[in-house]
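Engineer: Below you will find the structure I want to go over with you.
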Amino acid sequence: MNKLFLYNTLSRKKEEFAPIKEGEVGLYTCGPTVYNFAHIGNLRTYIFEDLLKRCLEYNNYQVHHVMNITDVGHLTGDMDMGEDKLELGAKREGKSAWEIAHFYEDAFKKDLEYLNIETPNIYARVTDNIPEQIALIQMLAEKGYTYKTSDGIYFDTSLVKEYNKLSHLPLEELKEGARVEKNAEKKNPTDFALWKFSPSGAKRQMEWESPWGIGFPGWHIECSAISLKYLGQEMDIHCGGIDHINIHHTNEIAQSEAATGKKFFNYWMHGAFLNIVGGKKMAKSDGNFLTLDNTLIKKNLNPLAYRFAALQVHYRKPMEYSEDSIAQANNGLNSLLNSVAALGEIKGGVNEEYREKFLAAINDDLNMAQALAVVSAVLKSKLSAPDKLKTILDFDKVLGLRLDLAKDMAAPEFNLSDLASDVQALIKARQEAREAKQWEESDRLREEIKKKGYLVEDIKNGYKVSKL
Ligand SMILES: [Zn+2]
């Protein structure tokens, strides 16, 4: 049995993973706030979490995966100030907050599909779990952890021992970070809202009755309530981006452990940022942010090229993004697809020696770069082609690059961006016609492209172009 080691933010060490229930893992991953498209920095975190989940499955664990969908209550400031992001999105687009939430939830799920990210067992919308959040706040109120201000019910962080156990930061530093947004009524700068009152005189689009008055839940309480509801008996691993450590996850732990008196999740894992070349962190507030659609899909690049790029950088290290790095990843993926496509039919066996090496790589805190090196080693080895194929397809259960479709996806010997610009324009126009379901127009353009010497074929998740 190969031991699985994972880096735990709580201990700041790689630890041997041991689940609460034998053979099963409860996995909670903080989900998106659905008020805009996901930016590719967010998507990097979901890729990391998918690799973790697939790695656990490869180790024969049955994974129970829950993800929340934040469709209310996430304010523009992390410390409970500012506007609700959903209501802000509604104003921006002239739609209702509910319409905004549904639209961007669908867009998010489509992104995950493009990136071949496995669907969680449970998607839990915050608005579908309001009673659970109210019940948890009531437990905290009964135990004396809450107090009321003019704008809501707050959690008193001074009553919690080891409030900084996840961040490992001196309390003074956490307080300093929290002082950025001033709220004179808070007893401590790090205190946070459990329930916010609807502003008097103004009706919010999303609001609910509660024992404290009409309002909506604070951002952090949702993940505690939802994870306790679905994973209460198996609080194994909780994940998110590193930006969640100091506030969101710290507060989730504080309130959950105060309410239940029990440890809230044994392992905390965090994915590092994506930096745009030049070293700047991506944030939606920067306006013109990068999405899967505008960085890859609209440029006729395989969206899985982004997954392939993410595989090459360890999840705890910052990843650099540039158009060049994505083009390189796209070439790298194409070359892998071509090599796999050339291996023929699936009829061989999985090579145990290489399987062991692959497992050792992923079980070392998801060393995917090393895992890819094992894939290259298999391709270069003396194994028979059918055995190579079977072995690599076995690894792809974790890599998730759809290598089973290599024959369909195998790219032409040239890059689309190398084609003459009129051919590129025709291909793009045909793609747009297909998306608009203008089939006749798309067929007409296909013929035009043929005349230029190229064949376009539709395949799962896209199309491929070859020379005639
Ligand atoms: Zn969360």
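Engineer: Just the residues that are without any contact (Cβ under 8 Å) to a residue 40 or more places away in the chain and either assigned to a helix (DSSP H, G or I) or closer than 28 Å to residue 210 by Cβ (or both), please, taken from the range 114-133. Break it down stepwise before answering.
Structural biologist: Pass one, the range 114-133, residues without any contact (Cβ under 8 Å) to a residue 40 or more places away in the chain: 119, 128, 131.
If the condition is that a residue be without any contact (Cβ under 8 Å) to a residue 40 or more places away in the chain and either assigned to a helix (DSSP H, G or I) or closer than 28 Å to residue 210 by Cβ (or both), then 128, 131 are the ones that fit.
Engineer: Residues to consider are 38, 101, 18; find the one that is assigned to a loop (DSSP other than H, G, I, E, B) and over 18 Å from residue 268 (Cβ atoms).
Structural biologist: Details: 101 fails: assigned to a loop (DSSP other than H, G, I, E, B); 18 fails: over 18 Å from residue 268 (Cβ atoms).
Being assigned to a loop (DSSP other than H, G, I, E, B) and over 18 Å from residue 268 (Cβ atoms) holds for just one of 38, 101, 18, which is 38.
Engineer: List the pairs whose first member sits in the range 245-258 and is farther than 17 Å from residue 269 by Cα and touching a residue at least 24 places away in the same chain (Cβ under 8 Å), whose second member is of a type outside the set (Lys, Arg) and within 11 Å of the ligand (Cβ to nearest atom), and whose Cβ atoms are under 7 Å apart, counting only residues at least 6 apart or on separate chains?
Structural biologist: Final answer for the pair search is 255/220; 255/221; 255/224; 256/224.
Engineer: What tally of residues in the range 134-150 results from selecting those that are in a strand (DSSP E or B) and touching a strand residue (DSSP E or B) at 6+ places or on another chain (Cβ under 6 Å)? I'd like the intermediate steps shown before the answer.
Structural biologist: Of the range 134-150, the ones in a strand (DSSP E or B) are 146-149.
Filter once more, keeping what is touching a strand residue (DSSP E or B) at 6+ places or on another chain (Cβ under 6 Å): 146-147.
Final tally of qualifying residues: 2.
Engineer: Hey, another quick one. Working only within the range 135-173, note down all residues that are among the hydrophobic types (A, V, I, L, M, F, W, C), surrounded by 20 or more Cβ atoms within 10 Å (Cβ to Cβ) and farther than 30 Å from residue 56 by Cβ.
Structural biologist: Quick first cut of the range 135-173, residues among the hydrophobic types (A, V, I, L, M, F, W, C) only: 135-137, 139-141, 153, 155, 159-160, 166, 169, 171.
Subsequent filtering for residues that are surrounded by 20 or more Cβ atoms within 10 Å (Cβ to Cβ) retains 136-137, 140, 153, 155, 166.
Listed by number, the residues that qualify are 137, 140, 153, 155.
Engineer: So which pairs qualify, if the first residue must be in the range 24-43 and farther than 17 Å from residue 273 by Cα, the second must be β-branched (Val, Ile, Thr) and part of a loop (DSSP other than H, G, I, E, B), the Cβ gap must be under 7 Å, and the two must be at least 6 apart or on different chains?
Structural biologist: Filtered contacts from the range 24-43: 37/291.
Engineer: Filter the range 37-60 down to the residues that are of a type in the set (S, T, N, Q), more than 16 Å from the ligand (Cβ to nearest atom) and surrounded by 22 or more Cβ atoms within 10 Å (Cβ to Cβ) and list them by number. Explain how you work it out, then say what you get.
Structural biologist: Residues of the range 37-60 that are of a type in the set (S, T, N, Q), as a first pass: 42, 45, 59-60.
Applying the additional criterion that residues be more than 16 Å from the ligand (Cβ to nearest atom) yields 59-60.
If the condition is that a residue be of a type in the set (S, T, N, Q), more than 16 Å from the ligand (Cβ to nearest atom) and surrounded by 22 or more Cβ atoms within 10 Å (Cβ to Cβ), then no residue fits.
Engineer: Among the residues of the range 61-98 satisfying the criterion of being under 23 Å from residue 215 (Cα atoms), at pLDDT 85 or above and assigned to a strand (DSSP E or B), which is nearest to the ligand (Cβ to nearest atom)?
Structural biologist: That would be 68.
Engineer: Right, here's the next one. Among the numbered criteria (1) assigned to a helix (DSSP H, G or I); (2) among the aliphatic types (A, V, I, L, M); (3) touching a Ser or Thr at 6+ places or on another chain (Cβ under 9 Å); (4) within 16 Å of the ligand (Cβ to nearest atom), which one does residue 166 miss?
Structural biologist: Evaluating residue 166 over (1) assigned to a helix (DSSP H, G or I); (2) among the aliphatic types (A, V, I, L, M); (3) touching a Ser or Thr at 6+ places or on another chain (Cβ under 9 Å); (4) within 16 Å of the ligand (Cβ to nearest atom) leaves (1) as the failure.
The values are calculated or read from the model by the stated rules, or taken from the named source; none is laboratory data. Just so it is clear, the model here is predicted, and its values are computed rather than measured. All Cβ positions, even for glycine, are placed from backbone atoms using ideal geometry, and neighbour counts span all protein chains on display.
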